[in-house]
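Colleague: One structure follows; several queries about it will come next.
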Amino acid sequence: MPSPWPATWIPAAGDTPATIGGLPVTELVRQYGTPLFAVDTHELTGRMDAWIQAAKAAFAPAQGLANADIYYASKAFTCTALLKIAREHGLRVDVASGGELAVALAAGIPGKEIALHGNNKSAAELRAALRAGIGRVVVDSLPEITLLEELADLQEIRKVPVFLRVTTGVHAGANEFVATAHEDQKFGLAAASGAALEAARAVAAAPHLELAGLHMHIGSQILSTAGHEASTRTLLQLRASIAADLGILVPEVDLGGGFGITYVDEAPPTPAEFTEKLAATVRDECAALGTPAPRVSLEPGRSIIGPAMVTLYEVGTIKSVALAAGERSYVSFDGGMTDNVLRPMLYGSRYLAAVANRVPDGDPQPSRLVGKHCESGDIMIRDLDLPSGLARGDLLAIPATGAYGRSMASNYNMLTRPPVVAVADGESQVWLRRERLTDLLALDPGAPTPAATE
Ligand SMILES: *Cc1c(COP(=O)(O)O)cnc(C)c1O
């Protein structure tokens, strides 16, 4: 059965606490408090290497292909320590805002190794990207092409590499994908309507832009390869149409991210399975179209960082609620919709939890794991069994919380956002420190200065 726990995780046994990266969770919590995002560095780098090696093998020129690059989708989680490791392991970086771009540049990522995404990039964001010598701007609309050309002209940039975000009509998520002829969503330029071809013409005609690639991103937490395969065919057909129409054979295609992970018991394809299927699709479709194969990029976010983090919480109030049939134990922890509960609330996402400081006695009780926020929907896990001996002060661990947890965290109820601490070989290192109340009060000009409150 697939497991959501990271490589170095050893569960609690008796009175012995669980360990991650060779450190007992009780030691981590003593040092850094709860809630805490703990990164298993070995799990993380293992995932980076798996994607790089799979792409290298599947898209090798010996396979009749033109190589592939892996871009880490930094919106899943970003900080300079992580991006530096990504670069050391051969990854490039996707950003979707000026803020994510600033973190990538602060990490020392060269502009040419960064791709900028977004359906509503501001002029300031585009200017910052051009100043950084961005490797590719993935444009999402015709007005953006006009704006980018104006800015490139003003900054006297000779040729900005432009990718077109194409809507292929394929949407995927979890186990299924759907193909629709028409798109009714905010992202991209439709292949079917002719919008993508029109955009290709506009880029080709813009003196300071260069049509460098076509891009697709079909969804998230995708658990089969079928959606990516179908969408890739459409993208390659568009590439052949552009070649016939404009005489430009676009050199690269970016097949996006969205590769699923195990949260509970899901069995996603491995990086090798995804890349082999996609390489075969590119080879076959290009042969059928009579076009040489393009260089390929893939953009995993969740698949790299998701399984590498475990969140540690402390148990607070435990309340028994009488139901028509029996009782339910409401177990509260010291976080919630300000950190990991947003995903269950937005997408109905499922998670597992384990008691991490010890194995409490007692029979399993039907339980519900809830956060501390003023919202009854603040539910991390709707139905789980927890031992009756569970008590205030015990620690709970939730695996697979690396993606879209800390990165979507907020300050609702004026909670401070949790730290992110990397652990490996018995050592810990702070990647993001815990936010302090003084950080929040510093935004409020009416509050006394931090020095006065401390
Ligand atoms: C969000 C996003 C990704 C990464 O998605 P995951 O599901 O985290 O792999 C990749 N590319 C684009 C354009 C995205 O918007």
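Rule-based calculations on the coordinates, nothing more; no lab input. Quick caveat, the model's predicted, so the values are computed rather than measured. Here Cβ is always computed from backbone atoms with ideal geometry, including for glycine, and neighbour counts include all displayed protein chains.
Colleague: Mind checking the dipole of segment 319-454: about its Cα centre, +1 per Lys or Arg Cβ, -1 per Asp or Glu Cβ, Debye to the nearest 20?
Modeller: 220 debye
Colleague: Find the relative contact order for segment 77-154 and round it to a whole percent, using C-alpha pairs within less than 8 Å whose residues are 6+ positions apart.
Modeller: After rounding, I find 27 percent.
Colleague: Moving on. Run through segment 132-169 and list the GluC sites (Glu not before Pro) located in a DSSP loop whose Cβ has at most 11 other Cβ atoms within 10 Å.
Modeller: When the GluC sites (Glu not before Pro) of segment 132-169 are filtered for loop state and at most 11 Cβ neighbours within 10 Å, GLU156 remain.
Colleague: Using the Cβ atoms and a cut-off under 13 Å, what net charge is assigned to the surroundings of ASP153, where Lys and Arg are +1 and Asp and Glu are -1?
Modeller: Summing Lys and Arg as +1 and Asp and Glu as -1 gives 0.
Colleague: Is there a pair in LYS121/LYS372; LYS112/LYS372; LYS186/LYS319; LYS186/LYS372; LYS186/LYS277; LYS75/LYS319 whose C-alpha atoms are over 32 Å apart, and which pairs would that be?
Modeller: LYS121/LYS372; LYS112/LYS372; LYS186/LYS319; LYS186/LYS372; LYS75/LYS319
Colleague: Which of GLY98, ALA202, ALA172 sits farthest toward the positive end of the charge dipole of segment 44-203, with +1 on the Cβ of Lys and Arg and -1 on the Cβ of Asp and Glu?
Modeller: After comparing all options, I get GLY98.
Colleague: Shifting gears a bit: Would you please calculate the Kirkwood hydrodynamic radius of the chain over all C-alpha pairs and express it in Å, rounded to one decimal?
Modeller: Hydrodynamic radius (Kirkwood, Cα only) of the chain equals 23.5 Å.
Colleague: Dipole of segment 228-303 (Lys/Arg Cβ +1, Asp/Glu Cβ -1, origin at the Cα centre): which of SER297, LEU246, ALA272 lies farthest to the positive side?
Modeller: Final value for the positive-end residue is LEU246.
Colleague: Using the crude model of +1 on Lys and Arg Cβ and -1 on Asp and Glu Cβ, and no other charge, please compute the dipole size for the chain relative to its Cα centre, in debye to 20.
Modeller: Here the chain has a charge dipole of around 420 debye.
Colleague: Also: Run the numbers on segment 1-160 and let me know its relative contact order in percent, using alpha-carbon pairs under 8 Å that are six or more apart.
Modeller: Relative contact order here is 13 percent.
Colleague: For segment 405-444 and segment 330-388, compute the distance between their C-alpha centroids and round to whole Å.
Modeller: 20 Å
Colleague: Among ASP439, ASP383, which comes first, second and so on when ranked by fewest other beta-carbon atoms within 10 Å?
Modeller: By the 10 Å Cβ count, ascending: ASP383, ASP439.
Colleague: Trypsin sites (Lys or Arg not before Pro), restricted to segment 183-272: which are DSSP loop and have at most 16 other Cβ atoms within 10 Å?
Modeller: Filter output for segment 183-272: LYS186.
Colleague: Can I ask one more? How would THR401, THR262 line up from fewest to most surrounding beta-carbon atoms within 10 angstrom?
Modeller: THR262, THR401
Colleague: Using only alpha carbon pairs under 8 Å that are at least six residues apart, calculate the relative contact order of the chain and give it in whole percent.
Modeller: Taking the mean separation of contacting Cα pairs over the length of the chain, I get 20 percent.
Colleague: Right, here's the next one. What chymotrypsin sites (Phe, Trp or Tyr not before Pro) does segment 275-380 have in DSSP loop regions with at most 16 other beta carbons within 10 Å?
Modeller: none
Colleague: Let me know the charge dipole size of segment 237-315 about its Cα centre in debye, to the nearest 20, where only the beta-carbon of Lys, Arg (+1) and Asp, Glu (-1) is charged.
Modeller: 240 debye
Colleague: Just want the answer: with Cβ charges of +1 for Lys and Arg and -1 for Asp and Glu, which residue in PRO6, PRO24, ASN67 is farthest toward the dipole's positive end in segment 1-74?
Modeller: ASN67
Colleague: Report, for the chain, the % of DSSP beta bridges that are antiparallel, rounded to 5.
Modeller: DSSP beta bridges in the chain are roughly 45 percent antiparallel.
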